[in-house]
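Taking it in order: structure first as structure tokens, then the write-up.
The values are calculated or read from the model by the stated rules, or taken from the named source; none is laboratory data. All figures in this text were calculated on a predicted structure; none of them were measured in a lab. Cβ coordinates were reconstructed from backbone atoms using ideal geometry, including for glycine residues, and neighbour counts include every protein chain displayed.
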Amino acid sequence: MEKEAVITVEHLYKSFGSNHVLKDFSMKVNRGDNIAVLGKSGSGKSVLIKCIIRLNEPEEGRIELLGEDVLALNHDGLDELRSKVGFLFQSNALYDSMTVRENLEFPLRRHRVKQELTDKFVEEMVIEALQNVGLEHTIDMMPAELSGGMRKRIALARTLILKPEIILYDEPTTGLDPITSREISDLINAIQLKYQTTSIIISHDMSCIRATADKVIMLIDGRCYALDTFEALQASEDSKIKSFFS
């Protein structure tokens, strides 16, 4: 049976002044798949996922997420949709003045304002999220007390706390040592298995892409230049593709 497409991008254009980053970019991501996007620095990888949840506004194109026309949504509709999409920022985007507990509580209280959240429920959700990343003991620590890998895991725990259907990973292993990078890659796979998430993984890290991606999109010249498995792309004789694997 054919899988359901939960992310559809068609003919997307995005420019910054005279810099035309995305030029007629199209792709589909099926439910439960991990899709990696590989491209040179400045090629538009991070811009793409920011357009998907309208942190960036494209000039042209169509974006459908979980059956919703993203570009047609009003503020409330977009906020509701974003509660179903986790975004792991490259910088982690933790609040330095908040403890780990407070960082994780923040999205719960922001996105579930219409629900009555008991202290017990919030505590259970925070602990579950921390257990998912193996860092329950950090609950009352400050971000400054954590290593780079631990901060990445806490950011991922915060992303998971709303049980998103989709997760967008922006360079999840950047700045991490090889062992920690491998642990983050393993965590991405464990999350997909446990929660059946659909993910887009933006990365320069070929080891991460090989370990996590069901398919890889080659973002070249603003377009989806190729889509295939890591192994098939690695074996390609196309000079534009070969340059990434040499």
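Residue-by-condition table, conditions (1) in a loop (DSSP other than H, G, I, E, B); (2) surrounded by fewer than 18 Cβ atoms within 10 Å (Cβ to Cβ):
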residue: 96; (1), (2): yes, yes
residue: 108; (1), (2): no, no
residue: 121; (1), (2): no, yes
residue: 125; (1), (2): no, no
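Conditions tested, residue by residue: (1) over 17 Å from the mean Cα position of the chain (by Cα); (2) of a type in the set (Asp, Glu); (3) part of a loop (DSSP other than H, G, I, E, B).
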{"residue": "29", "(1), (2), (3)": "no, no, no"}
{"residue": "32", "(1), (2), (3)": "no, no, yes"}
{"residue": "37", "(1), (2), (3)": "no, no, no"}
{"residue": "40", "(1), (2), (3)": "yes, no, yes"}
{"residue": "46", "(1), (2), (3)": "no, no, no"}
{"residue": "50", "(1), (2), (3)": "no, no, no"}
{"residue": "54", "(1), (2), (3)": "no, no, yes"}
{"residue": "57", "(1), (2), (3)": "yes, yes, yes"}
{"residue": "64", "(1), (2), (3)": "no, yes, no"}
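Selection over the stretch 190-207 of residues that are farther than 22 Å from residue 6 by Cβ, crowded, with 21+ Cβ neighbours inside 10 Å and of a type outside the set (D, E, K, R) gives a count of 0. Pairs are defined by a Cβ separation below 8 Å, a sequence spacing of at least 6 or placement on different chains, a first member in the stretch 2-16 that is more than 10 Å from residue 47 (Cβ to Cβ) and assigned by TED's automatic domain parsing to the domain that holds residue 26, and a second member that is of a type in the set (A, V, I, L, M) and part of a loop (DSSP other than H, G, I, E, B); the pairs so defined are 6/66. Answer with yes or no whether residue 64 is surrounded by 15 or more Cβ atoms within 10 Å (Cβ to Cβ), closer than 21 Å to residue 197 by Cα and in the same structural domain as residue 7 (by TED's automatic domain parsing). So residue 64 passes the test. The test for being among the hydrophobic types (A, V, I, L, M, F, W, C) and under 26 Å from residue 32 (Cα atoms) holds for residue 125. Only one entry in 149, 175 is assigned to a helix (DSSP H, G or I) and more than 14 Å from the chain's Cα centre (by Cα), namely 149. Applying the set (1) within 14 Å of residue 103 (Cα to Cα); (2) out of contact with any His (no Cβ under 9 Å at 6 or more places or on another chain); (3) in a helix (DSSP H, G or I) to residue 140 leaves exactly one unmet item: (3).
In the stretch 178-192, the count of residues that are within 16 Å of residue 37 (Cα to Cα), in a helix (DSSP H, G or I), without any contact (Cβ under 8 Å) to a residue 40 or more places away in the chain and in contact with a helix residue (DSSP H, G or I) (Cβ under 9 Å, 6 or more places away or on another chain) is one or more. Among the conditions (1) touching a strand residue (DSSP E or B) at 6+ places or on another chain (Cβ under 9 Å); (2) in contact (Cβ under 8 Å) with a residue 40 or more places away in the chain, the only one that residue 91 does not satisfy is (2). Return the total of residues in the stretch 31-51 being surrounded by 20 or more Cβ atoms within 10 Å (Cβ to Cβ), in contact with a Ser or Thr (Cβ under 9 Å, 6 or more places away or on another chain) and not polar (S, T, N, Q). Of the residues in that region, 5 qualify.
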